Amino acid sequence: MTEHVNLSTTTTDNMPVVRDPKDFEQKSGSLFERLVFNHRPIVIIICAILTVFLGFHASKLTINASFEKTIPSSHPYIQNYLSNEKDLRGLGNTVRIVVENTTGDIFDPQYLETLKKINDAVYLMHGVDRSWMKSLWMPIIRWTEVTEEGYSGGPVMPPDYNGSLESVTALRKNVARAGIFGTLVANDLRSSMITVPLLDFDARTGAPLDYRAFSHELEQKIRAEQTPTVKVHIVGFGKLVGDLMDGLGDVAQFFAASAAIATLLIFWYMRCVRSTVLLVSVSLVGVVWLLGLMQLAGYVLDPYSILVPFLIFAIGLSHGAQKMNGIMQDVARGTHKYVAARYTFRRLFLTGLTALLTNVVGFAVLMLIDIPIIKNMALQTSIGVCVLIVTKLILIPVVLSYIGVSKKAAARHVEESQTLNRRKMSGWWGALDRFTERRWAVVAVTVFGAIGAVGFVASLQVRVGDLDPGAPELRKSSRYNQDDAYITGHYGLSSEQFAVIVKTPSNECATWSNLVGMDNLTWSLQQLPGVQAVVSLPEIVRHVTAGQFDGNGKWQTISRDQRVVDAAFSAAQVATPDVTNESCSVTPIVAYLTDHKAATLSRVLDTVVAYGKKYDSNDIQFLPAAGSAGIEAITNVVVQSANRTLLLLLYSAVILLCFITFRSWRAVIVALVPLVITSVLCEALMVALGIGIKVATLPVTALGVGVGVDYALYLLSVQLAFQRSGATLAVAYRKSVMFTGKVVGLIGFTLAAGVVTWAWSPIKFQADMGILLAFMFIWNMLGAVILIPALSHFLLRDPFGNRKTENLSAAGMDQTSVPLSETERSVDRPSKLRVAR
C-alpha cells in the first residue's frame, strides 16, 4: 500500500529508487517516452545507420566561397551593380597582381620579360575574364596623342618590342603618354600592376569558381616567378578567400584543441571515463550529421560558416552534460541505470527541447539579414540544433540506459550534493544562495546594473564595418596585408574603388548636359576626405579637348559645341575603351579611396545618394554602386540596419519562448536581464578591441544569446519547480544550483576555455569571434548563477503562494529532488506501489 513507501529511498523527481528494471512500470511516463525507451534497440540502430550515411556525405563536403554570397544581393543598390555587371568589368570581383623590380625600375628588359611571363600565365588561368584584363602587355592599354596630323596612338607595349634599347625607350615614352602612373604603373616606376577581373563560374564546368584552387594556382604559377630581383604582390577577394580557406587547417587544429579542453574539463567534473567519452562522442556525431545534411542540401563549408560545427558541438556538450548529471545523481542513490535514464529523460526533455527550440528561433532570426552568407549560416545552425534534439535529448539517455555511469563517480556527486544541502560546503558554489538574501541581492543588482550602464555608454561608440586598412579578416602581419600595404603606398590610385553607375539613353552619355552632370558629381567626390582621385568621362573628355587645341589650358573644359565634345569622346574611347560601354549608356565614375574604413565609405555613399536624389531625371541617373569599396559601403548599410533589428527580433523570440516555458512575466525578466547585460558588454568589448560590426561578427551576438539562454532555462526552470512544490527561494535556488547550476558553471568555463584558444589563430576574424564568444559564455554563466537569485529575490520570492520549507521536507524530497507535476506523478504511481510491496 502507498502508505508503506519508504520516502527516504526516493530519488530525483521524488520518484522511488528502482534497483531492478523489472520492478519499473514500462507503461509509465508520456507516450513519447514509452515510444523511445520501449524500443531502444531500434532507436540506436536508426541513429547508427544515419551516422554512417551522413558521415559518408560529410566526407564529400567541399570548401569554397562565393563573392555574391558575401554581399546583400537583393539590395536595390547591389541590384544596380548586378544588372549592369557586364558593362562594368573590373569594378567587382577583381584580383590585382603587382610585379616589383627590387633592384631597378620597370624599364629593365629582364623585368619586362618576367612580367610578360606572369601576364601570360594569368591570362591562361581558369576563371579569368580575359577580355577585360589589363597590364602593360595587354593591347587594351593604349596611348593617344594629338599631333599636327591629327590623332595618333597605339598599344603601350610596342608591337615590335624585342628588349632592345630602342624598344625600351619607346615603351617609356608610351607609358608617359598613356597617363597610367598611379594605376598600372607605380609612382616610383619600380613596379607595374596586372588587373584581373574574375568570372563567378568556371567556363569549363559551369560550376562556381573554386577560390581555393584559384589561390593555389596564383601561388604555384605566379608567386613562384619571384626571384631575388622580382617580387610579386597579390590582393583581391579571390586571393583573400583563398588564404582564409588555407587557414582552415589551422582552424581545425584550434577546434581540436577546444574539443580536447572540453573533454578534459568534462572528465574532471564527471570523473567517469565512459560518460565523458559518450558525451564527447555523441557531440561529434551531431557535428557529423550536420555536415552530412549540409552536403545533401547543396551547401559548402566557407570561411565564414566554419564556426557552425563548433557551435553545434558546444551546444551539444551543454545539454548532454545536464543529462549526464541527472543520471549520475539517480544512479548514486541506487536507481538502476535504465530507470535513471528514463527519469532523466522525463525530467529534462521538455526543458531541453524548449532551450533548443529557443536556439533554433534565435538563429533563424539571422535569416532575415539580407546577406546570403549569413542566411546560410543561420539555416545551417538551425539544422544543427534540430539534430541535437535527437542526439542529445534522445540518443544520450538511451545509450546511457545500457552502459550506465561509474558508481564511484556518481557517489562522489551525491556526497557533494549532501554537503551543499547541509550548508557545510565552503567556496563559491556554497555561497551562491546568499544572493537570494536582500543585502546580497541589492549588491549584485547594483553592481551588474552599474557595469551594464557603463557598458551601454561604451557600446554607443561601436562602429559598423572595417576599422583598419587592409583585410581585417587576416592579421596585419599576414602576407596579404603586407602586399596590400605595398600597393597602397606605391600607387596613387588604391585598389579601393567606389564606382557610381551613370545610366543614360543609348548614345547619350557624351551629351553636353550629361557630361556636366557627371562632372559636378566628380567635383563633389574630389572634395571628400579619404578620396585620392576620381576618374570619369568628363575628366577624360576635358583633357582630350585641350589636346586637340595644342594643349592650351583654356580648352580644359567641356565645350558647349557638341561637335567638339563628340570628337573628344571618340578619341577617349580609343584610349580608354572601358570609359563607357559600347552603347554609351552605362558610364562609371570611379572614386579611388585611401581606405575602406566605415566612415570613409559612408561619406562617399551619402554624397552619391544625395546627388542622385537631386539630379536624377529621365535623361540621366546616378546609381550606387560598384567597385570593391562601393559594394562594401552598401554591405555596411545593410549590416547597420540589421544589427538592431536582429537584436529586437532575437529578444522578442526569446521573451515569447521563455514566457511559454515559465508562464510568468516576472520569470521572463529574471531570465532576460543577464542576457541583455551580456549583449551590451559584448558591444562595449568590441569598441575596446577595435572590432567593427560586419558580416563576420554580426552573428556573434545571436550565437552568444542562443547559448546563454540555455543557462537561464535550465537553472530557473528547476528553481521554479522547487518553489512550486513549497520550497522557499533560498532552498529552491540552492537545490537548483546543485542539480543544474554546477553544470551551467562547468559548461560556461568549458566553452570559454575552448574558444579563447582561437585568439592565437592566424585568421583574425576567428580570433575576434573567439574572444567575443569566450566573454559572452563567461558573462552569461555569471549572470545566470548570480543575477537569477538576486532578481528572484525581488520578483520571484514567493511566485506561487508557497508553503514553508518544512513542507518540502515533509513531502519526503531529498536534496536534489525535482518535483513532478500531478499528472506525471499519477502516471508513475503503479511503480511506487510495486516498490512498496
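Every residue, every condition in (1) closer than 15 Å to residue 50 by Cβ; (2) open to solvent by 10 Å² or more (accessible area, probe 1.4 Å); (3) without any contact (Cβ under 8 Å) to a residue 60 or more places away in the chain, yes or no:
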{"residue": "371", "(1), (2), (3)": "no, no, no"}
{"residue": "374", "(1), (2), (3)": "no, no, no"}
{"residue": "381", "(1), (2), (3)": "no, no, no"}
{"residue": "385", "(1), (2), (3)": "no, no, no"}
{"residue": "391", "(1), (2), (3)": "yes, no, no"}
{"residue": "402", "(1), (2), (3)": "no, yes, no"}
{"residue": "407", "(1), (2), (3)": "no, yes, no"}
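Scanning the range 90-106 finds no residues that are modelled with pLDDT under 90, open to solvent by 40 Å² or more (accessible area, probe 1.4 Å) and either closer than 29 Å to residue 212 by Cβ or touching a helix residue (DSSP H, G or I) at 6+ places or on another chain (Cβ under 6 Å) (or both). Within the range 258-283, track down each residue that is in a helix (DSSP H, G or I), open to solvent by 40 Å² or more (accessible area, probe 1.4 Å) and either at pLDDT below 85 or under 25 Å from residue 762 (Cβ atoms) (or both). If the condition is that a residue be in a helix (DSSP H, G or I), open to solvent by 40 Å² or more (accessible area, probe 1.4 Å) and either at pLDDT below 85 or under 25 Å from residue 762 (Cβ atoms) (or both), then 260, 261, 263, 264, 265, 267, 268, 273, 274 are the ones that fit.
Quick grid of which residues meet (1) open to solvent by less than 10 Å² (accessible area, probe 1.4 Å); (2) part of a loop (DSSP other than H, G, I, E, B); (3) modelled with pLDDT of 55 or more; (4) in contact with a strand residue (DSSP E or B) (Cβ under 6 Å, 6 or more places away or on another chain):
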residue	(1), (2), (3), (4)
757	no, no, yes, no
777	yes, no, yes, no
783	yes, no, yes, no
790	yes, no, yes, no
798	no, yes, yes, no
807	no, no, no, no
823	no, no, no, no
832	no, no, no, yes
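Restricted to the range 586-599, and to residues there that are in contact with a helix residue (DSSP H, G or I) (Cβ under 8 Å, 6 or more places away or on another chain) and hydroxyl-bearing (Ser, Thr, Tyr), the residue that is surrounded by the fewest Cβ atoms within 10 Å (Cβ to Cβ) is 594. Within the range 659-672, the set of residues being in a helix (DSSP H, G or I) and more than 26 Å from the chain's Cα centre (by Cα) comprises 659, 660, 661, 662, 665, 666, 667, 668, 669, 670.
Residues that are at pLDDT 85 or above, assigned to a helix (DSSP H, G or I) and on the phi < 0 side of the Ramachandran plot do occur in the range 413-436, at least one of them. Scanning the range 70-123 for residues that are of a type in the set (A, V, I, L, M), farther than 30 Å from residue 500 by Cα and assigned to a helix (DSSP H, G or I) gives 112, 115, 118, 121.
Checking each residue in the range 169-199 for being open to solvent by less than 60 Å² (accessible area, probe 1.4 Å) and assigned to a strand (DSSP E or B) picks out 185, 191, 192, 193, 194, 195, 196, 197, 198.
Sub-6 Å Cβ pairs linking a first residue in the range 259-282 that is within 14 Å of residue 757 (Cβ to Cβ) to a second residue that is hydrophobic (A, V, I, L, M, F, W, C), at least 6 apart or interchain, are 261/753; 262/317; 263/280, ordered by first then second residue.
Listed conditions (1) in contact with a strand residue (DSSP E or B) (Cβ under 8 Å, 6 or more places away or on another chain); (2) modelled with pLDDT of 85 or more; (3) farther than 29 Å from residue 217 by Cα are all met by residue 136, apart from (3).
Is it true that some residue in the range 36-51 is open to solvent by less than 40 Å² (accessible area, probe 1.4 Å) and either modelled with pLDDT under 75 or among the aromatic types (Phe, Trp, Tyr) (or both)? The answer is yes; a qualifying residue exists. A single member of 741, 745 is part of a helix (DSSP H, G or I), modelled with pLDDT of 75 or more and of a type outside the set (Val, Ile, Thr), and it is 745. Taking first residues from the range 176-187 that are closer than 17 Å to residue 594 by Cα and partners that are part of a loop (DSSP other than H, G, I, E, B), the Cβ contacts under 6 Å between residues at least 6 apart in sequence or on separate chains come to 182/491; 182/492; 182/493; 183/493; 186/491; 187/492.
State yes or no: is residue 340 open to solvent by less than 10 Å² (accessible area, probe 1.4 Å), of a type in the set (Gly, Ala, Ser) and under 21 Å from residue 37 (Cα atoms)? So residue 340 passes the test.
Of the residues screened, residue 532 is not one that is open to solvent by 50 Å² or more (accessible area, probe 1.4 Å) and part of a helix (DSSP H, G or I).
Residue check: is residue 231 part of a strand (DSSP E or B) and surrounded by fewer than 21 Cβ atoms within 10 Å (Cβ to Cβ)? Yes. Considering every residue within the range 566-576, establish whether at least one is part of a helix (DSSP H, G or I) and either more than 21 Å from residue 542 (Cβ to Cβ) or of a type in the set (D, E, K, R) (or both). The answer is yes; a qualifying residue exists. Just so you know, in the range 456-466 the residues that are out of contact with any strand residue (DSSP E or B) (no Cβ under 9 Å at 6 or more places or on another chain) and open to solvent by less than 60 Å² (accessible area, probe 1.4 Å) include one that is modelled with the highest pLDDT, and it is 458.
The values are calculated or read from the model by the stated rules, or taken from the named source; none is laboratory data. Predicted model only: the values in this text are computed from it and were never measured. Cβ sites come from the backbone with ideal geometry, for glycine too, and all protein chains shown count toward neighbours. Side chains are part of the model used for accessible areas, which takes the heavy atoms of the whole protein and leaves out ligands, DNA and RNA. Shrake-Rupley method; radii C 1.70, N 1.55, O 1.52, S 1.80 Å.
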